[in-house]
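Data first, discussion second: the structure below is written as structure tokens.
Bear in mind these aren't lab numbers, they're just calculated from the coordinates by the rules spelled out. Keep in mind it's a predicted model, so treat the numbers as computed, not measured. Here the Cβ is made from the backbone with ideal geometry for all residues, glycine too, and neighbour counts use every protein chain on show.
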Amino acid sequence: MGEALLVGAIAGMAAGTILAFLSHIAPRFGAGNFIQDTNQPTLFGKPVSRREAHLVGLLVHILLSGFFGFAFALFVELGWLSDYAYLPMLIWVVILTLFSSLVVMPLEGYGFFGRKHDNWFVVDALITNAFWGHLFLVLLRLWMLR
């Protein structure tokens with residue numbers, strides 16, 4: 001069980017890192033900027049520079065990706081999810097999107113389901129999370145299920 005949890009966390013962080021990398025190079029290919037900048041970024045009520053806010057955002061993104069990878073592997077090992085397959089991952093992606101829409105997006109100032117950003121924000125998040133799930137399963141199979 002320990003190996004599956006470790007590989008799940010690492011695969012989650014790796015998938016999150018790949019997505020973060022793609023989000024940085026996408027504007028170079030005409031994709032535009034997905035997230036609007038706020039006026040003055042703050043961290044725990046203290047004003048920070050845009051660079052500091054960006055680095056903290058990347059760190060939180062990668063840590064959450066690792067946490068969700070670890071949790072998926074844990075739930076499979078406990079039998080709460082059936083297998084490392086696409087149908088359980090689809091269920092997990094919906095749970096992940098609901099969590100980010102109800103907890104993370106409001107904390108970032110985008111409101112519930114990202115409504116302050118735009119009406120399609122949650123759809124973009126669902127598609128992005130589905131891509132994360134696909135990357136996670138591919139990496140997990142490469143490293144663990146040989």
By average C-beta atoms within 10 angstrom, highest first, the peptides 91-102, 8-19: 8-19, 91-102
Segment 59-126: equivalent-ellipsoid semi-axes (sqrt of 5 x gyration tensor eigenvalues, Cα, Å): 25, 13, 8
